[in-house]
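Structure, as structure tokens:
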Amino acid sequence: MSGPDRIAAAFAARRARGGPALVTYVMGGDPDLATSREMALACVRGGADLLEIGVPFSDPIADGPTIQAAGERALANGTTLEACLGLAAEVRRGTEAPIALMGYVNPVLALGEARFLDGCARSGVDAVILPDLPPEEAGDFARLARERGVGTVFLLAPTSTEARLAAACAAATGFVYFVSVTGVTGARKALPAELSGQLARVRAASRVPVVVGFGVSTPDQARVLGRLADGVVVGSAIVERIAAGGSRQARAARVTRFVRALRRAMGP
């Protein structure tokens, strides 16, 4: 099964149960590779439908303070792009849930696009999210990904033009990631009132599922957004619970409880 097919099947399965998909994020290598593997699998135990694994980078333009700090911890431990591919392979051995690798262009270019995507295919990575790769400039990368059965994901924001919306929806083969707020990642107490209309516009233009993220921090927010999109992404709120410390088992239990609360709030 190709990456896009696995992703489509996960969204279809959740839709058949009457609820939106839950997408969870952990930073690869935070606080170490073995623990981040367990955190990803803890998300699955809590009811996550799709996993995002972050690749730490020294200049993460889309990341807020919580995820930046997680990336800094991972980099301090020597976590590399290749290590995150190995991590994805370890996570894949523990679950059939789709895996999306989220990082930045520079490490991919340093490794080589074809070599990177070969690694994704070998590791069981279903899609790649590169926030600093605009769809208008992604032609070669998207072609190489498609040849290897790896999906591509592009981001849209409330400020995206009609041209960018059309380009992102046309180029995405995994899903479209709508950023709920202008700015960087991070848990927020409130979500924009105009989000409903913005998401409806994107879903009308997209051939693949549309997920919404950036700022989702509570089960209630996940429940509200789940009515507006095909899936909801929760990242910083999970990373905060990992960073709270304790043993690996304690962190995993904390993450599982939180993800389970998100899943209950979002419906079946």
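May I ask you to verify whether V23 is β-branched (V, I, T), out of contact with any helix residue (DSSP H, G or I) (no Cβ under 6 Å at 6 or more places or on another chain), under 27 Å from Q249 (Cα atoms) and part of a strand (DSSP E or B)? Spelling it out, V23 is indeed β-branched (V, I, T), out of contact with any helix residue (DSSP H, G or I) (no Cβ under 6 Å at 6 or more places or on another chain), under 27 Å from Q249 (Cα atoms) and part of a strand (DSSP E or B).
It is to be established whether one or more residues within the range 51-58 are out of contact with any Phe, Trp or Tyr (no Cβ under 6 Å at 6 or more places or on another chain), surrounded by 18 or more Cβ atoms within 10 Å (Cβ to Cβ) and in a helix (DSSP H, G or I). No. Only a single criterion out of (1) touching an Asp or Glu at 6+ places or on another chain (Cβ under 8 Å); (2) free of Cβ contacts under 8 Å to residues at least 24 places away in the same chain; (3) not hydrophobic (A, V, I, L, M, F, W, C) is not satisfied by R73, namely (2). Taking the range 70-82 as the range and being surrounded by 17 or more Cβ atoms within 10 Å (Cβ to Cβ), part of a helix (DSSP H, G or I), of a type outside the set (K, R) and touching a helix residue (DSSP H, G or I) at 6+ places or on another chain (Cβ under 9 Å) as the test, the residues that pass are A70, A74, L81. The set of residues in the range 226-260 that are free of Cβ contacts under 8 Å to residues at least 60 places away in the same chain and surrounded by 15 or more Cβ atoms within 10 Å (Cβ to Cβ) comprises L228, A237, R241, R254. Scan the range 128-141 for residues that are within 18 Å of the chain's Cα centre (by Cα) and more than 20 Å from L199 (Cβ to Cβ) and the total you get is 5. Here A121 meets the list (1) touching a strand residue (DSSP E or B) at 6+ places or on another chain (Cβ under 8 Å); (2) surrounded by fewer than 20 Cβ atoms within 10 Å (Cβ to Cβ) almost entirely, failing just condition (1). A search for C-beta distances below 6 Å between a residue of the range 109-131 that is farther than 18 Å from V91 by Cα and any residue that is modelled with pLDDT of 95 or more, counting only pairs 6+ apart in sequence or on different chains, returns L111/L81; E113/F141; E113/L144; A114/L144; L130/V105; P131/L155. Could you tell me whether the range 86-94 includes any residue that is in a loop (DSSP other than H, G, I, E, B) and either modelled with pLDDT of 95 or more or within 24 Å of L144 (Cα to Cα) (or both)? Within the range 86-94, none of the residues are in a loop (DSSP other than H, G, I, E, B) and either modelled with pLDDT of 95 or more or within 24 Å of L144 (Cα to Cα) (or both). Pairs meeting the criteria (first residue in the range 2-23 and of a type in the set (F, W, Y), second residue in a loop (DSSP other than H, G, I, E, B) and crowded, with 19+ Cβ neighbours inside 10 Å, beta carbons under 7 Å, at least 6 apart or on different chains) are F11/P209; F11/D230.
Right, V216: modelled with pLDDT of 95 or more and buried (at least 24 other Cβ atoms within 10 Å of the Cβ) or not? Full working, then the answer.
On the way: modelled with pLDDT of 95 or more: no; buried (at least 24 other Cβ atoms within 10 Å of the Cβ): yes.
No.
Selection of first residues in the range 42-60 that are over 18 Å from I7 (Cα atoms) and β-branched (V, I, T) and of second residues that are surrounded by 20 or more Cβ atoms within 10 Å (Cβ to Cβ) and at pLDDT 95 or above, restricted to Cβ pairs under 7 Å at least 6 apart or on distinct chains, gives the following pairs, ordered by first then second residue: V55/G28; V55/L81; V55/C84; V55/L101; V55/M102; V55/G103.
The values are calculated or read from the model by the stated rules, or taken from the named source; none is laboratory data. What you are looking at is a predicted structure, and each value in this text was computed from that prediction instead of being measured. Every residue, glycine as well, gets a Cβ built from its backbone with ideal geometry; the counts of neighbours run over all protein chains shown.
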